[in-house]
Structure formats: structure tokens, C-alpha cells
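The structure appears right after this line, and notes come after that.
The values are calculated or read from the model by the stated rules, or taken from the named source; none is laboratory data. In this text the structure is predicted, and so the values were computed from the model without any measurement. Virtual Cβ from ideal backbone geometry, glycine too; neighbours counted across all protein chains shown. Keep in mind that these areas ignore ligands, DNA and RNA; they rest on the heavy atoms of the full protein, side chains included. Shrake-Rupley method; radii C 1.70, N 1.55, O 1.52, S 1.80 Å.
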Amino acid sequence: MATPSLIQAAGYGYSPRISSNCNNFSFRTVSFGLFGFSSSFCFSHNLNFSSVTNWKLHGFRAQAMSTTTQGNFASSGSIANEENDPDHLVVLVHGILASPSDWTYVEVELKRRLGRNFLIYASSCNSYTKTFAGIDGAGKRLADEVLQVVKKTESLKRISFLAHSLGGLFARYAIAVLYSENDTSGTRSNNVTDSSDGNLQTPSLLRRGTLAGLEPVSFITLATPHLGVRGRKQFPFLLGVPILEKLAPPIAQFLFLRTGKQLYLTDGKPSRPPLLLRMTSDCEDGKFISALGAFRCRIAYANVSYDHMVGWRTSSIRREKELVKPPLRSLDGYKHVVDVEYCPPVSSDGPNFPPEAAKAKEAAQNAPDLQNTVEYHELMEEEMIQGLQKLGWIKVDVSFHSALWPFFAHNNIHVKNEWLHNAGAGVVAHVADSLKRQESSSFISSTL
């Protein structure tokens, strides 16, 4: 039986719009440039607005060179280039039934926009049908692959992740495997620190750690189903039709095997929390929230419409009531990026897996109907949000309503194909400048 209380962690961050979900405050500015400000600021729960008038708005664009790498390192030698000596690894993680080739456009753009100290690596360990073998299995393979890259590139000091769709969940699992608490030696270590007593842990607010011995910088997801795909309109392809949403879980489990069960929150015994809920905590499976909290910033890009694979709510980690009609105008220089919101960390008692959740899970597994499916989903969604919102997030809303092919939103957001999905070029530019901003700014708190 799972321990009811799961975790607590917190962080700080910045954005043009600050969520009013915490401490009853709200602030909004005209959105220009990357995040709207001329430099980076760090907020805590007690915000001081006396300096707001001193903030300046500007567009932040970075153009530079970087190092790009892709594929399997089984037979390769040291990656470190004597001329470039990259010290910041950016790991690209593709989604379901995909491959490293999905990142071709992104790789070129990151190479053009980022500095030579960036090593861009497109993961290849979970290509195509390997994505069906489970989020945990894929996450462990990804962690092993990252360790190989780090081992062969001695100049690396920092690490960031950029993941699309299901790849975001793979990355969230992998970072828990790679995570180590800070020690006083100051040396790189590939050891993984796990809960030793099997109980769910509560990390301290300001504790930071390393991933594969590197400093975590940015964790960025694009249209990732952070809350799974169970529930009303979480999987938009079903058009919100109740009978289709009722039939979807068993079909998904048949088609997508272990991964399908995990996405629909029906994996494991009824008494055990589903994997996605456990991944919003520090537990016996790994220090998921501590690893995520070790990054300077976490950014979730979400399609507000026309994404028929991943709903707006699950990709932006929001409740239904928190979905507000976004602006129609794009941010200057970033076409189809319509809004940026900073959500401060929110303290809560969750996530939990109470007895009623176990009963609802059993019903959803054995005799699914519309009522128990909705009941179980609502319970789990709220608990997952409570776990993830203990960390600060920057949430970026993307709208392809004016694009030539808006129904390609799920692939547009990362420009899977340069000819079919080039509407997402502005999103990729925003991502690149986000990475550059974190790298170049000396004002960002290390405890975000």
C-alpha cells in the first residue's frame, strides 16, 4: 500500500504574466520579446512590485554557433572537440513512434542560434516501437545514453533537456535516474541517489543536485502529456465523445502496450499509485521532483488548440478552470507564441493516493464506465497538479489558429518536417532564445 503523502519542493522564476493561483496576486504586462524583460528576475512567494516600473521591455534574439551531434555512441570515441570544447549538453528527446530525424530542423536552428559551447545531442535509444515498452523502461535507456555522452565528452559542465510529446515523460523519468544530491567534493559523479528506506521523501526547498555530474539548467517540454491522456478532452483526437473516451483506455493498452497503460493511469495494482502520479514525487522509484527541481527553470510549451494528440490542459499542467482564452496576437519575433505565464511554486499536502483513489483505479481497470473513469481521472489529475506545482513553471501557450495547416499543431510545435510543419519556426526560435537566456544571464537564481 502506498504512503499517502508524497512530496514537497519549491522554486522561483520569471515571466511577463504571473499566475494568480498563488497568494491571490496577479500581474500582466504587454508581451514583447522572449519573456518581455531586459534581464532575468527571480520571484518568491512574497513579490515586491515596487520595482515593476523600472523593468524594461525588449526583444531578445541570439545568433551564434553550436555543436550538433546525433545517434549512437557505442563505437565512437571522445566527442570533445579541441576547437569548440562544448560545456553545455542539450539532449533532444523525441515522442511516440518517432526517431532522431524529427529534430533535424531544430538541430540546425540551435546550431545557428546558440554558441559553440553547446553540444546538441538527439537521443536515438527509444526510436519507433521502443516507445511502447513503457515510460520507465524508455527513461532508463535514455539515462544510460546520456551517461555515455557525458563520459565521452570531458568538457561538459551543464545539461538541459528539450523533449517533445511523450519524450517529455521519458526525460522526466531519466533525470531521476541521473540525479545525485550535491556533495562537497565538487567532482563529477555518475552515482544515483535513491530513497533507501522505500518511503516517499520530502526534499528541502533549496536543495540542488546534479545530473550525471552536470549542473541542470533548462528542462523544456513541447506538447507533453504531463497529466496523462485519461479524461475529458485530454486526448483531443476522440473529440470529447464519451463513448470514445470510454473505449480508448483498453484500445490504447492493446496498441501501445505498457506505455498505453501508463498514459491512461491504469498500470500496476489498484493499491499502487500509477507511474505518472509517482513521478510527481520523491519515492522509492526515484527522486523525480528533486531532479526536476534541480533545474534553473522548467518551461512547458502547450498548443491551445488543433493538437489532436495532447490536450492543452495536460500539456500546460493546468486545471480546466485555469484555461483562459489566450491572446490572438503572437509575441514579437515569435510567430504563433501567444502567451507566457510564470506560475510560482504552490505549497500543498499532495500528491496523495487515498483509499478512494485506489477504489476508483480498480473500477477503471476492471469495469470502466463514464462515471468511474471521470471520477478516477479527476482525482489523479488534481494530485498530479499538486505535485508538479510545488515547483515554479514557465508556461508558454502556442496557437496555430492562423497557420496554413493548423491541424498539424502537434508536429508544428517542433517542426518535425521543415516543409510540412514550418509554421512552428517561431516556437523553435523562442526555445533557442530561452536556452541562450539561461546560459548567458548572471541574474537567474540557482534555486528556481
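Structure above, values below:
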| quantity | calculated |
| --- | --- |
| Neighbours by Cβ (under 8 Å, 6+ apart or cross-chain): first from the range 399-418, charged (D, E, K, R); second surrounded by 18 or more Cβ atoms within 10 Å (Cβ to Cβ) and assigned to a loop (DSSP other than H, G, I, E, B) | K416/A98 |
| Test set (1) at positive phi; (2) out of contact with any Phe, Trp or Tyr (no Cβ under 8 Å at 6 or more places or on another chain) - K390 fails condition number | (1) |
| The lone exception for D307 - which of (1) out of contact with any His (no Cβ under 6 Å at 6 or more places or on another chain); (2) among the charged types (D, E, K, R); (3) under 27 Å from L435 (Cα atoms) it fails | (1) |
| Test for L391: is it crowded, with 24+ Cβ neighbours inside 10 Å, touching a residue at least 12 places away in the same chain (Cβ under 8 Å) and not in a helix (DSSP H, G or I) | yes |
| Check on L292, crowded, with 21+ Cβ neighbours inside 10 Å and touching an Asp or Glu at 6+ places or on another chain (Cβ under 8 Å) | no |
| From I317, I289, I299, residue being aliphatic (A, V, I, L, M) and at positive phi | I317 |
| Top-ranked residue of the range 146-202 - restricted to ones that are on the phi > 0 side of the Ramachandran plot and at pLDDT below 50, ranked as most open to solvent (accessible area, probe 1.4 Å) | G186 |
| Any hit, the range 372-381, residues being within 20 Å of the chain's Cα centre (by Cα), at pLDDT 95 or above and hydrophobic (A, V, I, L, M, F, W, C) | no |
| Residues within the range 411-427 that are open to solvent by 10 Å² or more (accessible area, probe 1.4 Å), of a type outside the set (S, T, N, Q) and farther than 18 Å from S305 by Cβ, tallied | 5 |
| Close pairs (7 angstrom Cβ cut-off, 6 or more residues apart or separate chains): closer than 12 Å to P86 by Cβ and hydroxyl-bearing (S, T, Y) in the range 109-123, open to solvent by 10 Å² or more (accessible area, probe 1.4 Å) and not in a helix (DSSP H, G or I) anywhere | Y121/T69; Y121/Q70 |
| Residue list for the range 326-361, restricted to those being assigned to a helix (DSSP H, G or I) and open to solvent by 10 Å² or more (accessible area, probe 1.4 Å) | P355, E356, A358, K359 |
| Top-ranked residue in the range 394-410 [being part of a helix (DSSP H, G or I) and farther than 30 Å from I289 by Cβ; ranked as most open to solvent (accessible area, probe 1.4 Å)] | F407 |
| Residues satisfying the stated conditions in the range 305-316, i.e. surrounded by fewer than 24 Cβ atoms within 10 Å (Cβ to Cβ) and under 17 Å from I220 (Cα atoms) | W312, R313 |
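Residues checked against (1) open to solvent by 10 Å² or more (accessible area, probe 1.4 Å); (2) part of a helix (DSSP H, G or I); (3) over 20 Å from V431 (Cα atoms); (4) at pLDDT 90 or above:
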site: S76; (1), (2), (3), (4): yes, no, yes, no
site: P86; (1), (2), (3), (4): no, no, no, yes
site: L89; (1), (2), (3), (4): no, no, no, yes
site: W103; (1), (2), (3), (4): no, yes, no, yes
site: V106; (1), (2), (3), (4): no, yes, no, yes
site: K111; (1), (2), (3), (4): yes, yes, no, yes
site: L119; (1), (2), (3), (4): no, no, no, yes
